[in-house]
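Asks: Got a structure for you, questions after.
The values are calculated or read from the model by the stated rules, or taken from the named source; none is laboratory data. Remember, it's a predicted structure, so these values are computed and weren't measured experimentally. A quick note on method: Cβ atoms are made from the backbone with ideal geometry, for glycine too, and the neighbour counts reach across all protein chains shown. We work out accessible area using only protein heavy atoms, side chains counted, and drop any ligands, DNA or RNA first. Shrake-Rupley method; radii C 1.70, N 1.55, O 1.52, S 1.80 Å.
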Amino acid sequence: MAHLSDLVNLNLSDSSEKIIAEYIWIGGSGMDVRSKARTLSGPVDDPSKLPKWNYDGSSTGQAPGEDSEVILYPQAIFKDPFRRGNNILVICDCYTPAGEPIPTNKRHNAAKIFSNPDVVVEEPWYGLEQEYTLLQKEINWPLGWPIGGFPGPQGPYYCGIGSGKAFGRDIVDAHYKACIYAGINISGINGEVMPGQWEFQVGPSVGIASGDELWAARYILERITEIAGVVVSFDPKPIPGDWNGAGAHTNYSTKSMRNEGGYEVIKKAIEKLGLRHKEHIAAYGEGNERRLTGRHETADINTFKWGVANRGASIRVGRDTEKEGKGYFEDRRPASNMDPYIVTSMIAETTLLWNP
């Protein structure tokens, strides 16, 4: 008699050319990832060859009940680490039946910015540092923390090892390998300052691909925590008090910044970001005011400042960039629940297209 795990792990290619495509989209809250699966007649590696699909937008907060159909446009394909074989994950964005992007579709505008010739020629690279917190499912309290109590103060947990310092490493490592399998350009993982908090990095990725890859990585993480029976939180300050918040530091460079004389280009770009500080903060994630307090490696939300190797700044420039006179910088303001389509395209727009 076959066990459930045997059936879950069936290799479809042994008996059929058909594949399963998991269509993934972002729901009405802007952070709730949704998905559903459909059968295709054979392998597909180009999103333009995938059929459009639809869903009930009234059940996701994206359409009224009397006109509930929302259309899914396939935009990016990744290998499915859960079903494996030729099965795929499909990142989609959402449109009305008339072909208009719905209000929660942030990818559409980002794609327009990244297709602007003045942006294309600069080949914007992004490295996204996604912090998150693992919570015990029944009580929504960080993994490894005593129920109703607190662990020892911060200090030994950042990149720590051992059963009293690292909680949930099996989930983190499973996610790391699943992302590599999927074809996501995940570049690393580490334990964070607050126990139960972790980080993974995606990139360097060019333009719109950075947002597609981060959303795919978030989807895979949610699926793995579902299997593990824990909750993943992207709240920027999950525990009040003397505990670090969770951010999504965004590393950025253009071709001009990476070439000789790039440091001067970087400084001009940072100056432009400072002039639009309020607009960027408003788009950098919900609840970020609880995180950007001027403590716990952050700058105050109302203050814009930059510095070399300064983790208390809004923008940090690395020592190597200063020394070599070219490179990249890190925007430390985005919250862990930011939309990467908004953040990456806004940085490109401000630094490459906006004229003060």
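Asks: Select from segment 236-257 the residues that are open to solvent by 50 Å² or more (accessible area, probe 1.4 Å) and either modelled with pLDDT of 95 or more or not charged (D, E, K, R) (or both) and list them in ascending order.
Replies: Of everything in segment 236-257, those that are open to solvent by 50 Å² or more (accessible area, probe 1.4 Å) and either modelled with pLDDT of 95 or more or not charged (D, E, K, R) (or both) turn out to be Pro240, Lys255.
Asks: What number of residues within segment 207-253 satisfy the criterion of being more than 18 Å from Pro334 (Cβ to Cβ) and either assigned to a loop (DSSP other than H, G, I, E, B) or hydroxyl-bearing (Ser, Thr, Tyr) (or both)?
Replies: Residues in segment 207-253 being more than 18 Å from Pro334 (Cβ to Cβ) and either assigned to a loop (DSSP other than H, G, I, E, B) or hydroxyl-bearing (Ser, Thr, Tyr) (or both): 8 in total.
Asks: Right, here's the next one. Suppose the filter is within 26 Å of Cys179 (Cβ to Cβ), touching a Pro at 6+ places or on another chain (Cβ under 9 Å) and buried (at least 16 other Cβ atoms within 10 Å of the Cβ); does Leu50 pass it?
Replies: Working: within 26 Å of Cys179 (Cβ to Cβ): yes; touching a Pro at 6+ places or on another chain (Cβ under 9 Å): yes; buried (at least 16 other Cβ atoms within 10 Å of the Cβ): yes.
For Leu50, the condition - within 26 Å of Cys179 (Cβ to Cβ), touching a Pro at 6+ places or on another chain (Cβ under 9 Å) and buried (at least 16 other Cβ atoms within 10 Å of the Cβ) - is met.
Asks: Looking at this structure, is Ala37 in a strand (DSSP E or B), in contact with an Asp or Glu (Cβ under 6 Å, 6 or more places away or on another chain) and farther than 17 Å from Pro101 by Cα? Walk me through it before giving the result.
Replies: Numbers: in a strand (DSSP E or B): yes; in contact with an Asp or Glu (Cβ under 6 Å, 6 or more places away or on another chain): yes; farther than 17 Å from Pro101 by Cα: yes.
In short, yes.
Asks: Out of curiosity, is Lys165 open to solvent by 60 Å² or more (accessible area, probe 1.4 Å), under 24 Å from Trp215 (Cβ atoms), touching a residue at least 12 places away in the same chain (Cβ under 8 Å) and in the same structural domain as Ile239 (by the TED database)?
Replies: Values: open to solvent by 60 Å² or more (accessible area, probe 1.4 Å): yes; under 24 Å from Trp215 (Cβ atoms): no; touching a residue at least 12 places away in the same chain (Cβ under 8 Å): yes; in the same structural domain as Ile239 (by the TED database): yes.
Judged against the criteria, Lys165 is not a match.
Asks: Which residues, taken from segment 191-206, are out of contact with any Pro (no Cβ under 6 Å at 6 or more places or on another chain), in a loop (DSSP other than H, G, I, E, B) and either within 16 Å of Ile91 (Cβ to Cβ) or open to solvent by less than 10 Å² (accessible area, probe 1.4 Å) (or both)?
Replies: The first filter runs over segment 191-206 and keeps only residues out of contact with any Pro (no Cβ under 6 Å at 6 or more places or on another chain), leaving 191-194, 197-206.
Of the ones still in play, those that are also in a loop (DSSP other than H, G, I, E, B) are 192-194.
If the condition is that a residue be out of contact with any Pro (no Cβ under 6 Å at 6 or more places or on another chain), in a loop (DSSP other than H, G, I, E, B) and either within 16 Å of Ile91 (Cβ to Cβ) or open to solvent by less than 10 Å² (accessible area, probe 1.4 Å) (or both), then Met194 is the only one that fits.
Asks: Looking at segment 114-139, which of the residues that are among the β-branched types (Val, Ile, Thr) and not in a loop (DSSP other than H, G, I, E, B) is farthest from Asn259 (Cα to Cα)? Can you show your working first?
Replies: Pass one, segment 114-139, residues among the β-branched types (Val, Ile, Thr): 119-121, 133, 139.
Among the residues that remain, those that are also not in a loop (DSSP other than H, G, I, E, B) are: 119-120, 133.
Working: Val119: 16, Val120: 16, Thr133: 37 Å.
Here the answer is Thr133.
Asks: Further question: Could you list, ordered by first residue, the pairs with Cβ atoms under 8 Å in which the first is in segment 290-309 and outside the structural domain of Tyr328 (by the TED database) and the second is polar (S, T, N, Q), at least 6 apart or interchain?
Replies: Once the first residue is outside the structural domain of Tyr328 (by the TED database) and sits in segment 290-309, no partner that is polar (S, T, N, Q) comes close enough.
Asks: Of all residues in segment 71-85, which are in a loop (DSSP other than H, G, I, E, B) and either surrounded by fewer than 20 Cβ atoms within 10 Å (Cβ to Cβ) or of a type in the set (Phe, Trp, Tyr) (or both)? Give the derivation first.
Replies: As a first pass, look at segment 71-85 and keep what is in a loop (DSSP other than H, G, I, E, B): 80-85.
Hits for segment 71-85 are Phe82, Arg84, Gly85.
Yes/no matrix, rows are residues, columns are (1) among the small types (Gly, Ala, Ser); (2) at pLDDT below 95:
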position	(1), (2)
Ile19	no, no
Tyr23	no, no
Pro43	no, no
Ser48	yes, no
Pro51	no, no
Pro64	no, yes
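Asks: Let me ask something else about it. Asp331: of a type in the set (Asp, Glu), within 29 Å of Pro240 (Cα to Cα) and touching a His at 6+ places or on another chain (Cβ under 9 Å), yes or no?
Replies: Values: of a type in the set (Asp, Glu): yes; within 29 Å of Pro240 (Cα to Cα): yes; touching a His at 6+ places or on another chain (Cβ under 9 Å): yes.
Yes, satisfied.
Asks: If you don't mind, there's one more thing I want to ask. How many residues does segment 55-70 hold that are open to solvent by 60 Å² or more (accessible area, probe 1.4 Å) and in contact with a strand residue (DSSP E or B) (Cβ under 7 Å, 6 or more places away or on another chain)?
Replies: Within segment 55-70, residues that are open to solvent by 60 Å² or more (accessible area, probe 1.4 Å) and in contact with a strand residue (DSSP E or B) (Cβ under 7 Å, 6 or more places away or on another chain) number 1.
Asks: Within segment 302-330, which residues are in a loop (DSSP other than H, G, I, E, B), under 26 Å from Asn355 (Cβ atoms) and in contact with an Asp or Glu (Cβ under 8 Å, 6 or more places away or on another chain)? Let's see the steps before the verdict.
Replies: Going residue by residue through segment 302-330, those that are in a loop (DSSP other than H, G, I, E, B) are 302-305, 309-314, 318, 325-328.
Keeping just the survivors that are under 26 Å from Asn355 (Cβ atoms) gives 302-305, 313-314, 325-328.
Correct list: Ser314, Gly325, Lys326, Gly327.
Asks: Do you know which residues across segment 90-113 are in a loop (DSSP other than H, G, I, E, B) and under 17 Å from the mean Cα position of the chain (by Cα)? It would help to see each step written out before you state the result.
Replies: Here is the first cut: in segment 90-113, the ones in a loop (DSSP other than H, G, I, E, B) are 96-100, 102-106.
Once the filter is applied, which keeps residues that are in a loop (DSSP other than H, G, I, E, B) and under 17 Å from the mean Cα position of the chain (by Cα), segment 90-113 yields Thr104, Asn105, Lys106.
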